[in-house]
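> Quick one: structure below, then a few questions.
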Amino acid sequence: MHSIEFDQAVDPASALRLVQQPNSKFIGGGTNLIDLMKGDVERPARLVDINHIGLADITELPGGGLRIGALARNSDTANHLLVRTRYPLLTQALLAGASPQLCNMATVGGNLLQRTRCPYFMDTAFAMCNKRAPGSGCGAREGVNRTHAILGTSDACIAVNPSDMNVALAALDAVVQVSGPRGARSIPILEFHRLPGATPQVDTVLQPGELITSVDLPPPLFARHTHYLKVRDRNSYAFALVSVAAALDVSGGVVRQARIALGGVAHKPWRMPAAEALLAGHALDDARSNHAAALLLAGAHGFKDNRFKIKLAERAIVRALREAQDNAGGSA
Ligand code: SF4
């Protein structure tokens with residue numbers, strides 16, 4: 001039996017203080033952490049409950065952006081009027097992400113920190129997993145790897161980031177605000193998650209003892225022409241094989257700016273500025289979208305079971321861009 005201490009923080013300062021104890025973890029909605037604890041994948045000595053420290057509000061920022069508190073529930077965020085009307089891409093991604101029950105519990109901060117659903121990581125019956133047991137090897141590289149990464153992989157790990165929200169946040173250039181023993185800092189979303197490299201056990205650049213306080217969205221450039229496309233094995237509830245967050249700023253039929261982020265293909269949301277620049281200043285057509293897709297997938301490498309993802313991702317990008325252009329709506 002593994003005993004766990006439980007503390008309830010009353011504000012961010014007490015949360016930061018309590019989590020300084022060795023092997024402590026914050027718990028918010030618990031929708032990922034509790035699963036991993038049940039499977040003996042995570043074994044914290046102490047849980048610090050942060051559900052009562054505030055940080056659940058969604059407020060406008062000076063200049064037109066939006067601040068989403070780290071403890072805002074996914075369903076509250078998805079259905080918030082300002083998110084629906086100004087950032088419908090985020091609403092679409094959140095609602096595609098999980099069942100209503102999970103969305104009611106899961107928090108934005110926890111969603112950022114979701115761990116991979118690689119079956120070798122999730123099941124301690126498998127001996128080899130560098131992410132769970134550093135140095136043990138990667139069971140997926142030569143094993144069952146249909147859902148794994150095709151971009152940014154390493155010899156040590158080919159897992160994917162499972163979040164839909166993170167893909168939309170990447171397309172929207174969100175900034176993660178954190179607070180820690182050394183003060184507060186801002187981390188652009190594309191720098192928040194890591195590629196696996198030789199240390200796949202480290203998912204993000206968050207330092208021990210740091211607390212995510214909010215996610216900030218810049219003023220909405222892409223409220224109208226956006227689309228989140230999630231390709232998965234079953235529509236009711238499944239992680240993405242490939243997902244695309246596409247956002248276009250279109251004027252007079254010409255794309256002024258574009259954002260394309262991919263999910264289900266790498267250890268972090270995947271963007272390629274050169275592919276987005278290719279679309280700017282032109283009317284969108286399939287030939288140009290195909291060219292952008294090829295740039296985004298440059299360097300993609302499939303494994304035994306997942307080579308299909310390369311072509312699937314290319315087609316999903318073209319379709320998502322087409323849907324984004326055709327979508328003139330302002331809310332999800
Ligand atoms: Fe572990 Fe990563 Fe290999 Fe999966 S892909 S078995 S998470 S090291």
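The values are calculated or read from the model by the stated rules, or taken from the named source; none is laboratory data. What you see is a predicted model, and the numbers here were worked out from it, not measured in a lab. Positions of Cβ are generated from backbone atoms using ideal geometry, with glycine treated the same way; all protein chains shown enter the neighbour counts. Surface accessibility is based on the protein's heavy atoms, side chains included, excluding ligands, DNA and RNA. Shrake-Rupley method; radii C 1.70, N 1.55, O 1.52, S 1.80 Å.
> Considering G139, G135, which residue is of a type outside the set (S, T, N, Q), at pLDDT 95 or above, within 16 Å of the ligand (Cβ to nearest atom) and on the phi > 0 side of the Ramachandran plot?
On the way: G139 fails: on the phi > 0 side of the Ramachandran plot.
Sole residue among the options that is of a type outside the set (S, T, N, Q), at pLDDT 95 or above, within 16 Å of the ligand (Cβ to nearest atom) and on the phi > 0 side of the Ramachandran plot: G135.
> Taking the conditions exactly as written (assigned to a loop (DSSP other than H, G, I, E, B), open to solvent by 50 Å² or more (accessible area, probe 1.4 Å) and under 17 Å from H227 (Cα atoms)), does A283 satisfy them or not?
So A283 fails the test.
> May I ask you to list the residues in segment 238-286 that are touching a Leu at 6+ places or on another chain (Cβ under 7 Å) and β-branched (V, I, T)?
V242, V244, V255, I260, V265 - these are the residues of segment 238-286 that are touching a Leu at 6+ places or on another chain (Cβ under 7 Å) and β-branched (V, I, T).
> Would you say P119 is in contact (Cβ under 8 Å) with a residue 12 or more places away in the chain, within 16 Å of the ligand (Cβ to nearest atom), in contact with a Lys or Arg (Cβ under 6 Å, 6 or more places away or on another chain) and open to solvent by 10 Å² or more (accessible area, probe 1.4 Å)? Give the derivation first.
Details: in contact (Cβ under 8 Å) with a residue 12 or more places away in the chain: yes; within 16 Å of the ligand (Cβ to nearest atom): yes; in contact with a Lys or Arg (Cβ under 6 Å, 6 or more places away or on another chain): no; open to solvent by 10 Å² or more (accessible area, probe 1.4 Å): yes.
So P119 fails the test.
> Could you list, in sequence order, all residues of segment 239-253 that are buried (at least 21 other Cβ atoms within 10 Å of the Cβ) and of a type in the set (S, T, N, Q)?
S243
> Which number in (1) over 15 Å from V167 (Cα atoms); (2) in a helix (DSSP H, G or I) marks the one condition that A313 misses?
(1)
> Residues V144, V160, V202: which one is within 16 Å of the ligand (Cβ to nearest atom), free of Cβ contacts under 8 Å to residues at least 24 places away in the same chain and not assigned by TED's automatic domain parsing to the domain that holds F308?
Values: V144 fails: free of Cβ contacts under 8 Å to residues at least 24 places away in the same chain; V160 fails: free of Cβ contacts under 8 Å to residues at least 24 places away in the same chain.
Just one listed residue meets the conditions, V202.
> Could you say whether any residue in segment 226-238 is in contact with a Phe, Trp or Tyr (Cβ under 7 Å, 6 or more places away or on another chain) and closer than 19 Å to P162 by Cβ?
Pass one, segment 226-238, residues in contact with a Phe, Trp or Tyr (Cβ under 7 Å, 6 or more places away or on another chain): 232.
When the remaining residues are screened for being closer than 19 Å to P162 by Cβ, the result is 232.
Yes, some residue in segment 226-238 is in contact with a Phe, Trp or Tyr (Cβ under 7 Å, 6 or more places away or on another chain) and closer than 19 Å to P162 by Cβ.
> I would also like to ask the following. Can you report the number of residues in segment 308-332 which are at pLDDT 95 or above and open to solvent by less than 60 Å² (accessible area, probe 1.4 Å)?
Taking segment 308-332 and keeping what is at pLDDT 95 or above, we get 308-324.
Checking the rest, the ones that are also open to solvent by less than 60 Å² (accessible area, probe 1.4 Å) come to 309-310, 312-314, 316-318, 320-321, 324.
Matching residues across segment 308-332 total 11.
> Pick from segment 98-116 the residues that are in a loop (DSSP other than H, G, I, E, B) and hydroxyl-bearing (S, T, Y): which of them is surrounded by the fewest Cβ atoms within 10 Å (Cβ to Cβ)? Talk me through it step by step, then tell me what you get.
Filtering segment 98-116 for residues in a loop (DSSP other than H, G, I, E, B) gives 98-99, 106, 113-116.
Still in the running and hydroxyl-bearing (S, T, Y): 99, 116.
On the way: S99: 9, T116: 27.
Here the residue is S99.
> While we're on this one: Does D305 satisfy the criteria of being more than 21 Å from the chain's Cα centre (by Cα) and at pLDDT below 95? Talk me through it step by step, then tell me what you get.
Details: more than 21 Å from the chain's Cα centre (by Cα): yes; at pLDDT below 95: no.
So D305 fails the test.
> Is it the case, given these coordinates, that A261 is modelled with pLDDT of 95 or more and under 19 Å from H193 (Cβ atoms)?
yes
> Can you tell me how many residues within segment 43-71 are in contact (Cβ under 8 Å) with a residue 60 or more places away in the chain and surrounded by fewer than 21 Cβ atoms within 10 Å (Cβ to Cβ)? Break it down stepwise before answering.
First pass over segment 43-71, keeping only residues in contact (Cβ under 8 Å) with a residue 60 or more places away in the chain: 50, 55, 61, 63-70.
Among the residues that remain, those that are also surrounded by fewer than 21 Cβ atoms within 10 Å (Cβ to Cβ) are: 61, 63-65, 67.
Going through segment 43-71 one residue at a time, the tally reaches 5.
> In segment 1-19, which residues are of a type outside the set (A, V, I, L, M, F, W, C) and either at pLDDT 95 or above or within 23 Å of the chain's Cα centre (by Cα) (or both)?
In the first step, residues of segment 1-19 are kept if they are of a type outside the set (A, V, I, L, M, F, W, C); the result is 2-3, 5, 7-8, 11-12, 14, 17.
Scanning segment 1-19 gives E5, D7, Q8, D11, P12, S14, R17.
> Taking only segment 76-95 into account, find how many residues are within 16 Å of the chain's Cα centre (by Cα) and open to solvent by 20 Å² or more (accessible area, probe 1.4 Å).
Residues meeting the conditions: 2.
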